[in-house]
Structures are given as structure tokens and as C-alpha cells.
1. Considering only residues of the range 388-431 that are small (G, A, S) and surrounded by fewer than 24 Cβ atoms within 10 Å (Cβ to Cβ), which is nearest to S154 (Cα to Cα)?
2. If I filter the range 58-116 down to residues being touching a residue at least 40 places away in the same chain (Cβ under 8 Å) and on the phi > 0 side of the Ramachandran plot, which single residue comes out as farthest from the chain's Cα centre (by Cα)?
3. Which is over 15 Å from the mean Cα position of the chain (by Cα) and in a helix (DSSP H, G or I), of A129, A120?
4. Determine which member of the set K229, K196, K238 is within 30 Å of A345 (Cβ to Cβ), open to solvent by 50 Å² or more (accessible area, probe 1.4 Å) and in contact with a helix residue (DSSP H, G or I) (Cβ under 7 Å, 6 or more places away or on another chain).
5. If P370 satisfies every condition in (1) touching a residue at least 24 places away in the same chain (Cβ under 8 Å); (2) in a helix (DSSP H, G or I); (3) under 30 Å from A178 (Cβ atoms); (4) open to solvent by 10 Å² or more (accessible area, probe 1.4 Å) but one, which is the exception?
6. Restricting the first residue to the range 132-158 and requiring it to be touching a residue at least 24 places away in the same chain (Cβ under 8 Å), which pairs with a second residue that is acidic (D, E) and open to solvent by less than 30 Å² (accessible area, probe 1.4 Å) meet a Cβ separation below 8 Å and a spacing of at least six or different chains?
7. Please identify the pairs in which a residue from the range 3-20 that is part of a strand (DSSP E or B) has its Cβ atom under 6 Å from the Cβ atom of a residue that is at pLDDT 80 or above and open to solvent by 70 Å² or more (accessible area, probe 1.4 Å), counting only partners at least 6 apart or on another chain.
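The values are calculated or read from the model by the stated rules, or taken from the named source; none is laboratory data. None of the values given here were measured: they were computed from a predicted structure. For neighbour counting, all protein chains shown are included, and Cβ atoms are generated from backbone atoms with ideal geometry for every residue, glycine included. In case anyone asks, the SASA skips ligands and DNA or RNA and just uses the protein heavy atoms, side chains included. Shrake-Rupley method; radii C 1.70, N 1.55, O 1.52, S 1.80 Å.
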Amino acid sequence: MFMLQDLLHKKTCECGRDHTLSTKDFVIEENAYQYLPALLEKLGVTGRILAVYDANTWRAAHQKISEYLPGAQNHILKGDHIHADESRVDEMLSAIRTFAPEILLAVGGGVVCDIVRYAAFEANLPFIAAPTAASVDGFVSSSAAMTFDSTKVSIETRAPVAVVADLSLIAAAPKKLAASGVGDMLSKFISIADWKIGHLVSGEYYCPYIADFELQAVMDITQVISDIKKGGIEGTRKLVEGLLISGLAMQMAKVTRPASSFEHHFSHYLEVIPISGVDQDALHGEKVGVGTVIAAKYYPVFADSLQKIYKENIKNKFDIDKVRSYFSKYPKNMIDRIAAENTPACTDELDPALLEKNWEKVQSIAHSLPSSQQMTGWLSELDGYYDYKQLGLTAETCLETLKVCSYIRNRLTMLRIVRDFETYEFDALLI
């Protein structure tokens, strides 16, 4: 079993790289905020602290935090639908100029952390992540998932110097949030499969150590689903640790590849493309969970179709003008950003000779994934989302999303390969 402490001491790795972590202090306990003064002293902080909340986390955590940090300055990101976009970054940078803090404290979920992470990077300030729910895996990532020019982008910024997670607060959060976190973690089965296969067919960088400890974290979570549902402390601890481990995997790999792939592109597409009837309040992890169930269902089928590439000498049919046409009804700056993202195409890196050489390994990976029924079982036990209809999608809009969503990111995934090489007839897909 991998523990957070193990990751802190991993230096030279079998992948040939030295893995370093920016986040070195973790407090994952009940009543964890009591350790904030000692942590700040350890970090050498003597100046102002700016704690950043949204309206919900202000109500949930401010009183407990102010008990231990009575002198902290506070900024509340107001509004019902907060997004990590240009306006919120400007708001945070303005607050930083006003309060002149030495360190930031991000109190909340993934969106609050991404806004603070990006602003901290721009202002060259350290920050501490204080997650109030186990809903996403991005708390310790060095990448910020931002929406700029109406397009979802992942930007390398900075990771928190420390994480303080109050398990009693997190366990008491609405169960919808925990179900979202489990959905985000189950997606690692797909992202790791895509990473392994990407390595086999293109030679891209891959680290077995990172992949193994992330998959172990997911498996540990699947063993405590019933305790997570009850709001148990140990189940909550496993989920929080798993989400943190996933974020650390991204730090160590220096890319989001170990934790974001096919299923995340499904979610990112829904987050930036206005589709009639789609639940705009659905959490990131809920959308990822649905994408994961769909990916698990079709992954082996899509993988089987790749044999045509070397057997029938199928060429890459990627066409940037076709990609532009997919998004033609949206703003030009969005189209231009997506076109730039996909130039050159990631599928140009696929080597048919490597695919043929490693065909049996590709097949083994694709057919060893947990089934969509297993994924559905884990999510439904938590009353989580597992069906596209729960998001407000129809069979038609879900199919359209699958056809186009892989162009939100220029990443070699099973879905992207199948789309660019046209090895599978999508109109025949039974959603």
C-alpha cells in the first residue's frame, strides 16, 4: 500500500526521472485546523494571511479557521455559479493588492483552489490548500483548470506548499460531493490505461511507479464505498488521501496525463459548450463519473478496432478544418484556441509499427479495465451520477459530445485515436 509519506521520499525512479514534490506538509485529521498556527510557523510565515472562501465554505469553515487564525484577512468569492475564469482571477489579484498577504489559504473545493492557485502563481505567493469536501483531485496539482476565452485549458502554475484537510468537516459535507470525488477517482482506471497505451504506440513518457500508486489509491477507495456513504471518518480519510495522491501523481509527472484523459475531456466539453437541457449545476466529478462509465463500456470495443490501422494501412485522417467546423457556431476566439491546441495533432505521434509490435499488450490493458457495470455499481451505491441522462443529455447530444470532446485537449487517448483514424463508425454506437 502506498502512503503519502512514501511519495515524499521517492527520488530516482525506474522511469529515469527524479520526482520532486512542491507539497511537503499534509495534515489529514479531525479538527485539522488546530495545526494551522504551527504549520505557518514551520513555513516561516510572519506576515498577513489571506483566506479565500466561497459563500458555502465561508459558512462551513470560517468559524473553525478563525478560532485558530483570528488575525487572518478574508475574501469571499460571491455568486451562485463560480468559475475559474479571467474575471475571478482579476478579482483575486485585486484582493491580493488590497491585503498584501505573505501567503494565501484556499478554503473550498476545486474551483476555489484553481482560482487561488492561478492568482498565487501570478502574484508569486505560496498558498495552502484547505479542502472542505472530497469532491475533486486537483487540490495539490500544479496545474490549474481554467476557462479562458470560453475554452477549458490546463495551465501549469504552482502547487500548494501544504494541505490541511479537516476530516470531520469533510465527512459532514453533502454526500453528493463525496460521490463526485469517487467519480473523479474511478476515472484513473481510464486515464492510466490511456497513458499506458499512449506510451506503447507512440513512445511517450510513462512512469510505472506513478501509475501503480495511483491505481492502488483507486482500489483502496473501492473497498470503503459503504463507509464513505455513511460519512465514516476512515472512509473519508481514504477518499481524501486518494484524491491527494492523484494530485501528487500530476506533480511528479509534471503533466496531468496520469489523472485526466478520455473521460475528463467529456466533462470539460460539457463545462464549456452550452447544450440545451444539460444540468449546469452538475459537479465536475459527476460529469467525469458518467464519462468514466461510458469509457469503460466502449474502451475494449474501440481498442479492438485499432488493429485496422496496421492491418489495413489506415492513415490518420485528422483535419484541422474539420475540427474548426465542429465548433463553428461558437465564438471565433474559442475556435482559434481549440485549433491552436490541436496543432500539430497528437495522433501524428502514433506509430503503426509500435501498435503492431505491442498489440497484445494494448489488448490486455483495454480488456482488463473494470466493467461499466462495476463502475455503475460503485457510483450508484453513493447515489452518484453514472448515466448521461442524469446530466440532462439525450442519446443524440451524448453521441455528439463523444464525437467532438476529444478535441478539447490535444492528448493521445483511445477516443482520439478512434476519431482521427476513423476505425469505428460512431453513428452505429448504441449509447
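1. Residues of the range 388-431 small (G, A, S): 392, 395, 406, 428.
Narrowing the set further to residues that are surrounded by fewer than 24 Cβ atoms within 10 Å (Cβ to Cβ) leaves 392, 395, 428.
Values: G392: 26, A395: 29, A428: 32 Å.
Taking the candidates together, the pick is G392.
2. For the range 58-116, the residue satisfying everything is A100.
3. Details: A129 fails: in a helix (DSSP H, G or I).
Just a single option satisfies the conditions, and that option is A120.
4. Numbers: K229 fails: within 30 Å of A345 (Cβ to Cβ); K238 fails: within 30 Å of A345 (Cβ to Cβ).
Within the list K229, K196, K238, the selection yields K196.
5. (2)
6. That search, which allows pairs on different chains as well, returns T132/D166; S135/D184; V136/D184; D137/D184; G138/D114; A144/D114; A145/D114; M146/D114.
7. T12/D18
Here is a yes/no grid of residues against (1) aromatic (F, W, Y); (2) under 25 Å from S135 (Cβ atoms); (3) part of a helix (DSSP H, G or I); (4) open to solvent by 70 Å² or more (accessible area, probe 1.4 Å):
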{"position": "T46", "(1), (2), (3), (4)": "no, no, no, yes"}
{"position": "W58", "(1), (2), (3), (4)": "yes, yes, yes, yes"}
{"position": "H75", "(1), (2), (3), (4)": "no, yes, no, no"}
{"position": "A106", "(1), (2), (3), (4)": "no, yes, no, no"}
